[in-house]
1. Among the residues of the range 31-54, count how many are closer than 27 Å to S68 by Cα and small (G, A, S).
2. Checking T111 against (1) open to solvent by 20 Å² or more (accessible area, probe 1.4 Å); (2) among the β-branched types (V, I, T); (3) more than 25 Å from Q33 (Cα to Cα), which single condition isn't satisfied?
3. May I ask you to list pairs of residues, at least six apart or on different chains, whose Cβ atoms are under 6 Å apart, with the first in the range 121-140 being without any contact (Cβ under 8 Å) to a residue 60 or more places away in the chain and open to solvent by 10 Å² or more (accessible area, probe 1.4 Å) and the second being of a type in the set (G, A, S) and in a strand (DSSP E or B)?
Amino acid sequence: MRKPSASLTKLPLALGLAAALLASSLPARAGSQEDVEARIEAMHGNTDGFWETFDGLRESAKGHDAQSIAAFAEYPLTVNANGETYDIQNANDFVENFDTIVTQDTLDAITGVDVGDLLVNGDGVAIGDGTVWLAAICDNSTCSATHWAITAINN
């Protein structure tokens, strides 16, 4: 009987490591608020800022408050809606086009999302399977201070 070569015996280990690395880079539903917080902290930091933005956005969406929702966005903001792509330049542009770029389905996704269904990955946190993306935005050159903002809307 022939002894397996060293490269063949290392193959299962290499495949296992590759699978683990791939799984950790894929977006994942966090499962619970604690899991969400742990993933956000590990990937982005500033979990308190995330919850402040997330909770404020949900309240604004419940009230259909265009100006308040606009204040949560980072500009320029790319919005994919109605089969078109819009480059929203500022809060005034957002408010003027609110009914075109923010559908009722988008508002429902924001207000109805279960925290355990948030997707957290290196790009940020997705609400409603990517309907709205929030991300930590650097406030200085070292990124030691951040704020959370809407970075994309996809209707």
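1. Here the count works out to 2.
2. (3)
3. W133/G124; W133/A126; W133/A152
The values are calculated or read from the model by the stated rules, or taken from the named source; none is laboratory data. Please read all numbers here as calculations on a predicted model, not as lab measurements. Every residue, glycine among them, receives a Cβ derived from its backbone with ideal geometry; neighbour counts consider all protein chains shown. The protein model used for the area step is the full one, side chains on, heavy atoms only, and it has no ligands, DNA or RNA in it. Shrake-Rupley method; radii C 1.70, N 1.55, O 1.52, S 1.80 Å.
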